[in-house]
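J.: Please find one structure pasted underneath; my questions will follow.
The values are calculated or read from the model by the stated rules, or taken from the named source; none is laboratory data. The shown structure was predicted, so the numbers you read here are calculated from the model rather than taken from an experiment. All Cβ positions, even for glycine, are placed from backbone atoms using ideal geometry, and neighbour counts span all protein chains on display. Accessible surface is based on the protein model in full, side chains and every heavy atom, while ligands, DNA and RNA are left aside. Shrake-Rupley method; radii C 1.70, N 1.55, O 1.52, S 1.80 Å.
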Amino acid sequence: MTPATRQEVLGLYRKVLQIAKNWQSASGQIEETMREKEYIRNEARTLFRKNKNVTDPKLIKQCIEECEARIEIGLHYNIPYPRPIHLPPMGLAHKQGRMLRHQEKLRKISKPIYLKSHDEVS
């Protein structure tokens with residue numbers, strides 16, 4: 001990891017922690033605000049620790065983009081949790097064969113960048 005990339009990653013981590021510190025839930029309830037603050041801190045800690053040994057520049061760039069996307073979406077919608085995606089069910093494919101593999105591939109590539117690491121952690 002280059003020093004510039006390291007500084008960018010550490011800056012993103014500080015930004016996420018600052019957002020958690022100043023977070024206010026949409027409902028305004030203290031309990032919910034505290035729960036959401038804790039979620040933001042735990043999610044950031046988990047994902048940054050999980051990716052601390054990543055050395056591939058493309059993968060580092062993808063992780064940075066995911067972090068920035070989740071920050072922007074969270075601030076825009078005032079929801080710290082990842083927004084769900086709605087994909088059609090895989091009921092049209094047979095249980096095995098090319099169609100199933102094709103649908104699984106389409107579902108994998110259609111997943112938005114802000115959810116790439118969410119399923120791995122949850």
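J.: How much length is gained if the chain between Val54 and Glu32 is pulled fully straight, taking 0.36 nm per residue apart and subtracting their Cα-Cα distance, in nm to one decimal?
T.: 4.6 nm
J.: Still on this structure: Tell me the carbon and sulfur percent of the accessible area for region 3-85, rounded to whole percent, probe radius 1.4 Å.
T.: That share works out to 55 percent.
J.: For Glu31, what charge total do you get from the other residues with a beta carbon under 12 Å from its beta carbon, if Lys and Arg give +1 and Asp and Glu give -1?
T.: So the environment of Glu31 carries a net charge of -1.
J.: Once phi is turned into ³J(HN,Hα) by the Karplus curve 6.51 cos²θ - 1.76 cosθ + 1.60 with θ = phi - 60°, what whole-Hz value does each residue of region 13-27 show in order, with x for glycine and proline?
T.: 4, 4, 4, 5, 5, 5, 4, 4, 5, 9, 5, 10, 5, 5, 7
J.: Provide, in order from the shortest bin, the percent of all Cα-Cα pairs of region 3-85 in each 10 Å bin, continuing until the bin that contains the maximum pair distance.
T.: All Cα pairs, binned at 10 Å, distribute as 16, 50, 26, 7, 0 percent.
J.: Just list whichever of Lys50/Lys105; Lys21/Lys50; Lys15/Lys105 have alpha carbons separated by over 32 Å in the model shown.
T.: Among Lys50/Lys105; Lys21/Lys50; Lys15/Lys105, the Cα-Cα distance tops 32 Å for Lys15/Lys105.
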